[in-house]
Amino acid sequence: MVRRGVSVIGVVGVLLGLVLAGTAQAATFTRDVGTTTTFSNSASIPIADGHCNDTRFSKDVQGKSDPYPSTIDVAGVSGPITQLEVTLHDISHRYPEDLRVLLVGPAGQSVMLMNRAGSGDDIGPLDDVTLTFDDSWDDQLSDQSAHVSTSYGTGYGCKSIAVQSPLPAPAPAPPYGTALSAFDGTNANGQWKLYAVDTFDGFTGVIDGGWSLDIATGISIEDGECYDGPPQQTPASQYPSTIGVAGMTGAVSDVNVTLHNYSHRTPGDVRMLLVGPQGQKVLVMHHAGTAVDDNGDVDYDNSAIKDQTVTLDDAAAGTLPTPIVSGTYRPTQVDGDEDSQICGNFPATASLPGAAPAAPYSTALSAFDGTDANGTWSLYIVDDYGDNEGTLDGWSLDITTNQYDNSVLADHPAGYWRFGEASGTTAFDSSGNGNNGTYLNGPLLGQPGALALDPNTAASFDGVNDSVRVPDANSLDVGDSFTLEGWVKRASDTQSQTLFNKGGNGLQLTVMNASNGNQLWLRKANITTIAHSVGGVPADGRFHHVVVTRTGAGNATFYIDDVPSGVMLAPAQVIADTAFPLVFADAGKVVNVFDEFALYPDALSAAAVDAHYKAGLGIVSP
């Protein structure tokens, strides 16, 4: 049945939702290719009486409708047809088995909707009855919604006129199709024609409400060939179908893919490959969902699916069931053999054809973890077994990224200076506390930043007189329990360099020179060294993550690139609040590049420091 509830715009890469929560940015991007559009001609179609096997006439005469044909002009449909419904409105006829109704598409395909079908014991007589024809129905014409019907009926019908007997001109000559799938994959735009005739004398008829077409477009999954001929994987009508992703920052930490309104009589024929912007490739579905009976034949009753919406998620409890039903499942790969009706000629190790990248393929969506989500995602679909086709209305991606800035903000800094300005003199505070600073003496802005998969830039301080000054504020008076954090790139270790300095008896964090082991020193009043790290911050031209946490007198922990250490020298010293401004960098030293500096009013846990460090490198925590 055509999916009447789906009326979407077919947009590539539509951002449906964006959620920022803690360290994660989550968004859904959808490729809605499936649309259903109805076109109608409501004008009445009277059908003249025909004559068959009547001695008064020298030949059979098929009584034509008026108009002959009735037409519907279709325009504005994008994408190939994946499914078609035809509805005849308000039909009246004493013996519908006298009728023949032929549908002809814009490209000339012709399908016999009715050929002397429906005796009085089935649906006749008809009195203002509406009939809908749809390949998805199980039975031929026996009620008000059915398959195309080419039966001869059991009543008086004209036995000399068969399915492939020609209709009167200007109807096209046979052969005529007997299933609406003859229109699948064709362009719907153009003029559609309906020819109706009566074949037996005595009764006229009328299609009083005219007729209509419900045209569905989407991804059509065509037949392949596994055993009866040369093995062939047949690409879907969109190969690949693509989604453009933009606006995501940070590294991918989770990807789920959803298939919308997936239909197939034997879904075990199908292989689906998802390829990310950086080339990672995951076989998300392979020969899943086809049941076989004790003889190894397809059990269609327990295989066929219709309009099922399926989400594939590594964290789901189970794999795809048979039959496939709507729900959330892990990516599923089922390999068969020549006796299983699951095509052993194309195992999970086999490459998909054509434009698809070659195997080997990953089998879990975690293959995308740690990558940049932005760019084009491609879904390749093939069918590798004959006789059965499928459709897919569209698909979507749920993408979560691990963001450094959100990981910082989730821990409620008193100030957070990203140093990402391209110009100007203001070093903006991203914490929301309004502790903006001023760039003094023109640090070089817009330098490549420390963070993986984040375009935010950094600031370079010339070692002569560049610095940043942030006025004192109550929120910056963090006392003796705090965390200082930042990323620093050192050009030289010949001199020490102050990273943070609150002045007076306030906090000060300095990275020392080579003669002092390049250690981090926590100092008070620029005089008393309270503690220092064991390891050092190398001057290797690379960014390093530096952190010191303090939980009052007697306790300080340093982290250099996530490695904790600390040596207490003056544990009784207490760092006090001061009225001095907070200064980053100091004059007369060496060139350093600063990025993502933050001050917190309490000590971060080791787990929080680890999360920040990994988010900065684009590493996804398990």
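Considering only residues in region 264-286 that are open to solvent by less than 10 Å² (accessible area, probe 1.4 Å), more than 11 Å from Thr322 (Cα to Cα) and not aliphatic (A, V, I, L, M), the one that is nearest to the chain's Cα centre (by Cα) turns out to be Gly276.
Scanning region 372-427 for residues that are among the aromatic types (Phe, Trp, Tyr) and touching an Asp or Glu at 6+ places or on another chain (Cβ under 8 Å), we see that the one that is farthest from Ala27 (Cα to Cα) is Tyr385. Scanning region 210-255 for residues that are in contact with a strand residue (DSSP E or B) (Cβ under 7 Å, 6 or more places away or on another chain), modelled with pLDDT of 90 or more, over 30 Å from Leu103 (Cβ atoms) and among the small types (Gly, Ala, Ser) gives a single hit, Gly244. Taking each residue of region 363-378 that is touching a residue at least 60 places away in the same chain (Cβ under 8 Å) and in a helix (DSSP H, G or I) and looking for partners that are open to solvent by 20 Å² or more (accessible area, probe 1.4 Å) and charged (D, E, K, R) with beta-carbon atoms closer than 6 Å, six or more apart or interchain, yields Leu365/Asp314.
Would you say Asp411 is in a loop (DSSP other than H, G, I, E, B) and modelled with pLDDT under 90? Judged against the criteria, Asp411 is not a match. If you go through region 217-244 and keep only what is part of a strand (DSSP E or B), in contact with a Leu (Cβ under 9 Å, 6 or more places away or on another chain) and either within 17 Å of Ile305 (Cα to Cα) or open to solvent by less than 10 Å² (accessible area, probe 1.4 Å) (or both), you end up with Ile219, Ser220, Ile221, Ser241, Ile243. Spot the failing condition for Phe419; the list is (1) open to solvent by 10 Å² or more (accessible area, probe 1.4 Å); (2) more than 30 Å from Ile219 (Cα to Cα); (3) within 39 Å of the chain's Cα centre (by Cα), and only one is missed. Phe419 satisfies every listed condition except (1). Restricting attention to region 346-377, which residues are crowded, with 19+ Cβ neighbours inside 10 Å, at pLDDT 95 or above and of a type in the set (Ser, Thr, Tyr)? Passing the criteria: only Tyr361. Select, from Ala450, Ala458, the only residue that is open to solvent by 10 Å² or more (accessible area, probe 1.4 Å) and under 20 Å from Arg542 (Cα atoms). Sole residue among the options that is open to solvent by 10 Å² or more (accessible area, probe 1.4 Å) and under 20 Å from Arg542 (Cα atoms): Ala450. Out of all the residues in region 599-607, is one or more assigned to a loop (DSSP other than H, G, I, E, B) and of a type in the set (Phe, Trp, Tyr)? Taking every residue of region 599-607 in turn, none turns out to be assigned to a loop (DSSP other than H, G, I, E, B) and of a type in the set (Phe, Trp, Tyr). Per the listing Gly517, Gly479, Gly506, the residue uniquely open to solvent by less than 10 Å² (accessible area, probe 1.4 Å) and either in contact (Cβ under 8 Å) with a residue 40 or more places away in the chain or touching a strand residue (DSSP E or B) at 6+ places or on another chain (Cβ under 8 Å) (or both) is Gly506.
Each residue in region 71-91 was checked for being open to solvent by less than 50 Å² (accessible area, probe 1.4 Å), more than 12 Å from Ser42 (Cα to Cα) and hydroxyl-bearing (Ser, Thr, Tyr), and 1 of them qualify. Within region 173-208, the set of residues being over 16 Å from Glu85 (Cα atoms), modelled with pLDDT of 90 or more and open to solvent by less than 40 Å² (accessible area, probe 1.4 Å) comprises Tyr176, Gly190, Tyr195, Ala196, Val197, Asp198, Gly205, Val206, Ile207.
Looking at region 549-560, is at least one residue open to solvent by 10 Å² or more (accessible area, probe 1.4 Å) and within 22 Å of Pro581 (Cβ to Cβ)? No, region 549-560 contains no residue that is open to solvent by 10 Å² or more (accessible area, probe 1.4 Å) and within 22 Å of Pro581 (Cβ to Cβ). Exactly one residue out of Asp577, Asp586 is among the acidic types (Asp, Glu), within 17 Å of Trp487 (Cα to Cα), more than 45 Å from the chain's Cα centre (by Cα) and modelled with pLDDT under 95, and it is Asp586.
Out of the residues in region 159-172 that are closer than 20 Å to Val86 by Cα and of a type in the set (A, V, I, L, M, F, W, C), which is modelled with the lowest pLDDT?
As a first pass, look at region 159-172 and keep what is closer than 20 Å to Val86 by Cα: 163, 167, 171-172.
Cutting the leftovers down to of a type in the set (A, V, I, L, M, F, W, C) gives us 163, 167, 171.
Working: Val163: 85, Leu167: 93, Ala171: 97.
This residue is Val163.
Taking the options Leu445, Leu451, name whichever one is within 43 Å of the chain's Cα centre (by Cα) and modelled with pLDDT of 95 or more.
Details: Leu451 fails: modelled with pLDDT of 95 or more.
Checking each option against the conditions leaves just Leu445.
The values are calculated or read from the model by the stated rules, or taken from the named source; none is laboratory data. Quick caveat, the model's predicted, so the values are computed rather than measured. Quick reminder, even Gly has a Cβ in these numbers, built from the backbone with ideal geometry, and neighbours come from all protein chains shown. These area figures cover heavy atoms from the full protein model, side chains too; ligands, DNA and RNA do not enter into them. Shrake-Rupley method; radii C 1.70, N 1.55, O 1.52, S 1.80 Å.
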